[in-house]
1. Looking at the stretch 237-284 only, could you name the residues that are outside any helix (DSSP H, G or I), open to solvent by less than 90 Å² (accessible area, probe 1.4 Å) and at pLDDT 75 or above?
2. Hey, does the stretch 103-114 have a residue that's open to solvent by less than 10 Å² (accessible area, probe 1.4 Å), in contact (Cβ under 8 Å) with a residue 60 or more places away in the chain and among the hydroxyl-bearing types (Ser, Thr, Tyr)?
3. Filtering the stretch 86-100 down to residues that are part of a loop (DSSP other than H, G, I, E, B) and in contact with a strand residue (DSSP E or B) (Cβ under 9 Å, 6 or more places away or on another chain), which residue is surrounded by the most Cβ atoms within 10 Å (Cβ to Cβ)?
4. Could you check the stretch 39-88 and list, in sequence order, the residues that are within 23 Å of Asp20 (Cβ to Cβ) and touching a Phe, Trp or Tyr at 6+ places or on another chain (Cβ under 6 Å)?
5. Restricting attention to the stretch 87-124, report how many residues are among the small types (Gly, Ala, Ser) and out of contact with any Ser or Thr (no Cβ under 6 Å at 6 or more places or on another chain).
6. Select, from Gln60, Gln32, the only residue that is open to solvent by 30 Å² or more (accessible area, probe 1.4 Å) and either out of contact with any Cys (no Cβ under 6 Å at 6 or more places or on another chain) or not charged (D, E, K, R) (or both).
7. Criterion first (open to solvent by 20 Å² or more (accessible area, probe 1.4 Å), at pLDDT 90 or above, under 30 Å from Arg108 (Cβ atoms) and more than 15 Å from the chain's Cα centre (by Cα)) does Asp167 satisfy it?
8. Is it the case that the stretch 194-216 has a residue that's buried (at least 16 other Cβ atoms within 10 Å of the Cβ), within 18 Å of the chain's Cα centre (by Cα), modelled with pLDDT under 85 and among the hydroxyl-bearing types (Ser, Thr, Tyr)?
Amino acid sequence: MTDAALPTFSILIATYNAADTLAACLASIAAQDMEGWEILVADGASQDGTGRILAEFAGQIAYSVSRRDEGPYDAWNSLLPHARGRWIMFLGADDRLASIDTLSALARHCETLPQRTPDLSYVFGMTEFVAGCEVIERFGQNSLPGDRQDPAADFALSHTGLLHHRDLFDRFGPFSVRYAIAGDAHFMLRSLRDPETRFYHAPVTVARMAAGGLSSGVRSRVTCYREVEAARRELAIEPARPPWLRSLQRRSAWAERIHALLGERALLFVANAYRRMTGRPARRHYR
């Protein structure tokens with residue numbers, strides 16, 4: 001098959017017992033106003049109606065597998081050898097593309113990017129974190145200085161809907177399955193050790209990510225904080241924070257204690273005070 005016949009985008013979906021949301025995720029891709037994409041699904045041997053939904057969308061799915069896995073990063077890793085697209089996007093079953101022209105808008109933007117070999121590029125747009133119809137927070141609204149993410153700073157973008165050039169996986173390998181929630185952050189931090197890695201911003205709303213997913217909720221955020229800190233320690237990256245706020249583990253431990261003693265409203269109040277001190281907008285929910 002010639003390069004011209006290969007898809008522009010490979011969209012890799014990890015799912016487990018998510019029949020209630022998987023159909024909407026798949027439908028948001030199937031409704032796109034362009035061709036040149038493929039869907040690959042890894043199901044962790046679900047016991048709900050996932051198999052029926054995959055059968056309904058069989059005509060739009062290029063490859064699927066159902067097996068017990070070690071979590072989403074193991075599931076996505078199992079799909080990578082089958083992905084043929086130049087750009088690879090990862091979704092969970094409760095995520096969805098924002099509109100029917102999301103991929104065509106991304107494709108137009110990708111055509112304007114510098115052509116490099118190898119192409120160690122990410123492309124990010126805006127991801128909306130939603131609870132029902134309410135947008136709780138937006139990620140990825142602004143470009144990064146020099147198109148570089150500071151590995152010592154918090155990520156200002158979301159992995160949901162992030163485009164990865166396939167050369168990144170040729171260079172840096174698959175996701176680490178040692179991390180339950182922050183395997184994507186670990187991969188990006190690993191890739192940033194190469195000075196040629198770039199994060200290009202696209203002025204596109206790419207995806208909507210639902211509250212209640214893998215990285216939502218107090219316990220999940222605590223785990224995520226700890227894992228990101230562990231990834232930075234593994235890669236010898238010093239967090240860019242003043243000493244009294246440097247440890248994500250310390251922050252996550254306090255969040256866990258406040259939530260246990262005083263509840264989520266108190267935790268939200270404290271979290272918003274911290275967000276204001278660090279120049280970020282307040283939230284209505286602690287995700």
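The values are calculated or read from the model by the stated rules, or taken from the named source; none is laboratory data. Computed from a predicted structure; not experimentally measured. We place every Cβ from the backbone using ideal geometry, glycine too, and count neighbours over all the protein chains shown. In case anyone asks, the SASA skips ligands and DNA or RNA and just uses the protein heavy atoms, side chains included. Shrake-Rupley method; radii C 1.70, N 1.55, O 1.52, S 1.80 Å.
1. Scanning the stretch 237-284 gives Ile237, Gly263.
2. To start, the set of residues in the stretch 103-114 that are open to solvent by less than 10 Å² (accessible area, probe 1.4 Å) comprises 103, 106, 110.
If we keep only those that are in contact (Cβ under 8 Å) with a residue 60 or more places away in the chain too, we end up with 103, 106, 110.
With the extra rule that they be among the hydroxyl-bearing types (Ser, Thr, Tyr), the set shrinks to none.
Looking through the stretch 103-114, none of the residues is open to solvent by less than 10 Å² (accessible area, probe 1.4 Å), in contact (Cβ under 8 Å) with a residue 60 or more places away in the chain and among the hydroxyl-bearing types (Ser, Thr, Tyr).
3. Taking the stretch 86-100 and keeping what is part of a loop (DSSP other than H, G, I, E, B), we get 86, 93-94, 98-100.
Filter once more, keeping what is in contact with a strand residue (DSSP E or B) (Cβ under 9 Å, 6 or more places away or on another chain): 86, 93-94, 98-99.
Values: Arg86: 19, Ala93: 28, Asp94: 21, Ala98: 18, Ser99: 17.
Here the answer is Ala93.
4. Selection gives Leu40, Gly44, Ser46, Tyr73, Trp76.
5. Of the residues in that region, 5 qualify.
6. Numbers: Gln32 fails: open to solvent by 30 Å² or more (accessible area, probe 1.4 Å).
The conditions single out Gln60.
7. Values: open to solvent by 20 Å² or more (accessible area, probe 1.4 Å): yes; at pLDDT 90 or above: yes; under 30 Å from Arg108 (Cβ atoms): yes; more than 15 Å from the chain's Cα centre (by Cα): yes.
Yes.
8. yes
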